[in-house]
Amino acid sequence: MSDTIETKEMPKKQVSKATKIDEHIVEIVSDSGEGAQKCGQSFASISAKMGNGVWTVEIIPAEIQPPARSRAGASGIRIRIGSKKITNMGNEANLVIALNDQVPYGRIDQSAYKEGTVMLLENKWATDPDEDIRNKYAHALEDFNQRGYKVIEIPMEDECLKIVKNARKGKNMWVLGMLSYIYSRETEKGEAQIKRIFRKKSDTIINSNLGLYHAGYNWAKDNLNLHFDIAPMKSEEDLVVMNGNEAIGLGVLASGMEVCSMYPITPATSASHLLAEVFDKSGGLVHQAEDEIAAIGFAIGCSYAGKTAVTITSGPGIALKTEFLGLATMAEIPLVVVDVQRGGPSTGLPTKVEQGDLLSVLYGQPGAVPKIVLAAATIEECFHFVILARQLAESFRTPVYILTDANLATGQQPFPRPKIKKDWFSLPIDQSPWDTSINPFEWDEDTGLSKRPIPGQVGGQHTVTGLAHDRGSRVSYKPEENQESSEYRSRKFAAFQKSLNKPPVYGKDKGDLLIVGWGSTLGAIEEAVEQAQGEGLKVSYVHLRFMSPFEPGLKEIFDNFKQVMTIEINYSDKKNNPQYTESNRRYSQLSWLLRARTLVDVDCYSNVEGQPLTPNRIYNVIVEKLETNKK
Amino acid sequence: MYGLKSELELDLASKHYSLEDYEKGVARWCPGCGDHGVLTNMHKLLREKQLDPAKTVFVSGIGCSSRFPHYMDTYGFHGLHGRAFPVACGVKFRRPDLDVFVVTGDGDCCSIGAGAWIHAVRYNMNMTVVLLNNEIYGLTKKQTSPTSRLGTISNTNPEGSILPPLNPVQTTLGVANASFVAQTADWNPAHMYETLKAAYEHKGFSFVHIIQRCPIFQAALGDELTSNKDAMVYLEHENGITVNEDIAKTFKNKANHDPTNLSEAMHLATEDHHIHMGLYYQNKNAPCYDDHGASNLGFTVEQKEEALNIELDKYAI
């Protein structure tokens, strides 16, 4: 792996041969509205199409148009590309393209760069009419050099102005051209990408962007000594590349569901955007409800009327939907609920990553509300879990939840093109006559399962209710009936849990430390654990997909390790900080659950900094945990 | 029994529904409660329209009136406080073949469910909505409702309520895309029946405001309303709701009102001293959201598979 970049004598250059590297992390940072994400997503897409492993993470400020040239306003994207499968955003960047001198500080604060990181910096600020801006640029330049970054000042604005009147519109495609040269991307793929993203625009706009793309490419070729080649992955399979929200949206199509009832909320909404664009051509519709509560009420109405529906939201939306979630369980109505988690509590960090909704999804409702909760760990799983969720919702007559997060939602990753199966799609609504000798809640003694009559089925008439009810769905006035019905509603999930497999342990199944994770941290945990294992540390990991009910055999797995620890992106008290003792320390969310489930002293590392965890961070946690125990 | 005769005359091969086909259980409302009369009329309406009980869905929220679906031998959904409308709209969205009814109360609709109510009016989906307004919270035992008259003594306002009441007819008329707004009262079953019938026949969100007595918590108000014959005004019009001459004669006051005239409807709704009985407003051409909902039904698995393939192609490497 080429960790740092050799920058040879600049700027005069000879035709250089591309240096072969295994992988690189590239960042583009800018003010909002400069198209950095579009540029980066395109670069990722071109790279994926050239057969590279790819992972992207968007850097999104909280506002649509924050003040220009501000640290907190940094908007952009990180793209990690490699000749192998890439599963996370990695550690520090190798190459950064900065459209001004202030936005990199937003990333420096997050330790995103290191000594040797190459920074391609827009130089127009050096000659800005505003003296303050010129001074800031000079200071930043000096500071970047002191930090050990290899800064190359680049006349992006001037070069773009040779082609367009307003460089702000289009500079991103010039940058894409520059990146395409640096990483030896095929220009035909770049051209095709530009034609695709501007497909709804006029030919003039497309041609202007193509012109910028080639200009950026040629400028880099003539002026930069940065030229790399990243070999493609060896893949026999057809691949697709998309982000997690797109995968959720396509998963909805693949599940055969016909209604997505939603209310706009970051970072979940783009899944519904995709559906809004394509659903009508595949027999479905998006309903934008008046609020989160109405969104789930509408979805429940659709499900009740025969076809399981989906509602897609984030943590604050789940909070508002809580009462309906309880009702759907009580009335045993199939439903798919997608929670694209973000930072909380309250409005929290709407554009940032957190795994903070596990406990609220599990226990947010009053009373006993057992349920199935799936946690997607990869973008591929975002797709497949929707199909699974729809099937489970109908088989077990229950809401099924899918937890993803902001990291998966906007991250792009290639995965094998799904091989479509007919049984993914839901069946037409059953309208055959109902056997009137069967109650609407004819709970099976052994499994707790029952079959539901659907409106239109003659003889199945009944009134579902959120009140305690008997098998006939009649309001219950007998104390023992609520006990009994609660038990059946619980038993079906115990029956379901019996069908699950023990989760695999990655690494040896005995050792000093077992890391337990869930959701989007999979790739970073995997990379960190592999590094630690390579250095001889006796560490393994387990990654959970079923958060409720848990996969079986956890206690048996845990008992083979001296220590067990979860790695999560949510809040926990740090052991040694003031006031915390074993009697008051608050654990991270999965950790609480595992302690209760297994009676094993499961520790945790977690934070709420709103960033995906890097492999380095996790590696350091592993080393520290093992050292602490030695003392 | 009522209706038996007509059944005997029918061709035995085709199912004819009698009142018993719509009745279920014994209603557990208090004796004298206005809900009983609405239930009886609803059974009659379904029989008159020969609705298939299996294709009829009653949706309600929470409150005395929201127990209604439990007494109908149709499909029913007794959901959450204030949330009958989103559920009913979801039921109707992809099932144009179902007849949907919503039964709600003044707390359910005008207080906790006010947001959903406003938007349901605007969606204008084809369903019949009855708001049973007794101006008090009954099931939770006498708290002030948003429709309680100024000065109403209740457990939450022991010195009398402080705010002027919300007027459900006025509010509904004020919402964009309102298409059917009528008012009737529980103590005039004949007028109520005709009103429910007209509401059912209207394509769109038919909102029927039923002034209703609560003999337990609003007994005095009920006495006042039923005894003051001067207050009731029968709205007459060829396009309005008409009752037979004998019933019409019982009204001392009558007014001619064209139900296409929204501003006049609003004027009548806000006129304090009278209770207007009949159709305030109807717009037969208001767009219905359920037409959109039913616009792409019935895709086969093969069609869905093909559509998915086309979408996946866009992401192919």
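Every test in (1) open to solvent by 60 Å² or more (accessible area, probe 1.4 Å); (2) within 14 Å of chain B (Cβ to nearest Cβ); (3) touching a Phe, Trp or Tyr at 6+ places or on another chain (Cβ under 7 Å) is passed by A:Lys195 save one, and that test is (3).
Assessment of segment A:264-279 against the conditions (part of a helix (DSSP H, G or I), crowded, with 17+ Cβ neighbours inside 10 Å and either assigned by TED's automatic domain parsing to the domain that holds A:Lys150 or β-branched (Val, Ile, Thr) (or both)) yields at least one matching residue.
The sole residue among B:Thr128, B:Thr140 that is over 12 Å from the mean Cα position of the chain (by Cα) and either on the phi < 0 side of the Ramachandran plot or open to solvent by 10 Å² or more (accessible area, probe 1.4 Å) (or both) is B:Thr140.
Filtered by the rule that a residue be in contact with a helix residue (DSSP H, G or I) (Cβ under 6 Å, 6 or more places away or on another chain) and of a type in the set (A, V, I, L, M, F, W, C), segment B:31-61 gives B:Leu39, B:Leu45, B:Val57, B:Phe58, B:Val59. Are any residues in segment B:70-106 assigned to a loop (DSSP other than H, G, I, E, B), within 9 Å of chain A (Cβ to nearest Cβ), more than 15 Å from the chain's Cα centre (by Cα) and not basic (Lys, Arg), and if so, which ones? Passing the criteria: B:Asp73, B:Thr74, B:Gly79, B:Leu80, B:His81, B:Asp97, B:Leu98. If the condition is being of a type outside the set (S, T, N, Q), within 28 Å of B:Glu264 (Cβ to Cβ) and assigned to a loop (DSSP other than H, G, I, E, B), then segment B:142-181 contributes B:Pro146, B:Arg149, B:Leu150, B:Leu163, B:Pro164, B:Pro165, B:Leu166, B:Gly174, B:Val175, B:Ala176, B:Ala178. For segment A:388-400, a tally of residues being surrounded by 24 or more Cβ atoms within 10 Å (Cβ to Cβ) and within 29 Å of A:Thr351 (Cα to Cα) returns 4. Does B:Arg67 count as touching a residue at least 24 places away in the same chain (Cβ under 8 Å), over 15 Å from A:Phe298 (Cα atoms) and either away from chain A (no Cβ under 11 Å) or of a type in the set (Gly, Ala, Ser) (or both)? Judged against the criteria, B:Arg67 is not a match.
Does B:Ala54 fit the bill of being in contact with a Gly (Cβ under 7 Å, 6 or more places away or on another chain), of a type in the set (A, V, I, L, M), within 25 Å of A:Thr436 (Cα to Cα) and without any contact (Cβ under 8 Å) to a residue 60 or more places away in the chain? So B:Ala54 fits the description; yes. The residues of segment A:452-486 that are more than 9 Å from every other protein chain (Cβ to nearest Cβ), open to solvent by 40 Å² or more (accessible area, probe 1.4 Å) and in contact with a Phe, Trp or Tyr (Cβ under 9 Å, 6 or more places away or on another chain), listed by number, are A:Arg471, A:Glu484. Of all residues in segment A:552-572, those satisfying the criterion of being acidic (Asp, Glu) and surrounded by fewer than 17 Cβ atoms within 10 Å (Cβ to Cβ) are A:Glu556, A:Asp559. Cβ-Cβ contacts under 6 Å between residues 6 or more apart (or on different chains), taken from a first residue in segment A:237-252 that is more than 10 Å from chain B (Cβ to nearest Cβ) and touching a residue at least 60 places away in the same chain (Cβ under 8 Å) to a second residue that is open to solvent by 10 Å² or more (accessible area, probe 1.4 Å) and among the small types (Gly, Ala, Ser), are listed as A:Asn245/A:Ser270.
In this entry, A:Ile182 passes the filter for residues that are in contact with a Leu (Cβ under 6 Å, 6 or more places away or on another chain), within 19 Å of A:Gly82 (Cα to Cα) and not hydroxyl-bearing (Ser, Thr, Tyr).
Scoring B:Lys314 on the criteria (1) basic (Lys, Arg); (2) surrounded by 14 or more Cβ atoms within 10 Å (Cβ to Cβ); (3) within 14 Å of chain A (Cβ to nearest Cβ) leaves a single failure, condition (2). Within segment B:54-64, restricting attention to residues that are within 7 Å of chain A (Cβ to nearest Cβ) and hydrophobic (A, V, I, L, M, F, W, C), which residue is surrounded by the fewest Cβ atoms within 10 Å (Cβ to Cβ)? Among those residues, the one meeting the criterion is B:Ala54. Of the residues that sit in segment B:182-208 and are under 20 Å from B:Val57 (Cα atoms) and assigned to a loop (DSSP other than H, G, I, E, B), which one is most open to solvent (accessible area, probe 1.4 Å)? Checking each candidate, the answer is B:Lys203.
When segment A:411-426 is filtered for residues that are in contact (Cβ under 8 Å) with a residue 40 or more places away in the chain and not polar (S, T, N, Q), the ones remaining, listed by number, are A:Gly411, A:Pro414, A:Phe415, A:Pro416, A:Arg417, A:Pro418, A:Ile420, A:Trp424, A:Phe425.
The set of residues in segment A:562-619 that are within 25 Å of A:Ser111 (Cα to Cα), of a type in the set (Lys, Arg) and assigned to a loop (DSSP other than H, G, I, E, B) comprises A:Lys574, A:Lys575. In segment A:290-301, what residues are at the interface with chain B (Cβ under 7 Å from one of its Cβ atoms) and open to solvent by less than 10 Å² (accessible area, probe 1.4 Å)? A:Ala294, A:Gly297, A:Phe298, A:Ala299, A:Ile300, A:Gly301, listed by residue number. For segment A:407-427, a residue qualifies if it is in contact with an Asp or Glu (Cβ under 8 Å, 6 or more places away or on another chain) and in a helix (DSSP H, G or I), and the qualifying residues are A:Thr410, A:Lys422. Of all residues in segment B:245-290, those satisfying the criterion of being at pLDDT 95 or above, assigned to a loop (DSSP other than H, G, I, E, B) and either touching a strand residue (DSSP E or B) at 6+ places or on another chain (Cβ under 6 Å) or surrounded by 15 or more Cβ atoms within 10 Å (Cβ to Cβ) (or both) are B:His257, B:Asp258, B:Pro259, B:Asn283, B:Ala286, B:Cys288. Taking residues in segment B:76-103 that are free of Cβ contacts under 8 Å to residues at least 12 places away in the same chain and open to solvent by less than 10 Å² (accessible area, probe 1.4 Å), and partners anywhere that are in a helix (DSSP H, G or I) and of a type outside the set (D, E, K, R), the pairs with Cβ atoms closer than 8 Å and at least 6 places apart or on different chains are B:Gly90/A:Gly297; B:Gly90/A:Phe298; B:Gly90/A:Ala299; B:Gly90/A:Ile300; B:Gly90/A:Gly301; B:Gly90/A:Cys302; B:Gly90/A:Ser303; B:Gly90/A:Tyr304.
The values are calculated or read from the model by the stated rules, or taken from the named source; none is laboratory data. Note that this is a predicted model, so its numbers are computed, not measured. FYI the Cβ positions are ideal-geometry reconstructions off the backbone, even for glycines, and counts take in every protein chain you see. Areas reflect the complete protein model, heavy atoms only, side chains present, ligands, DNA and RNA absent. Shrake-Rupley method; radii C 1.70, N 1.55, O 1.52, S 1.80 Å.
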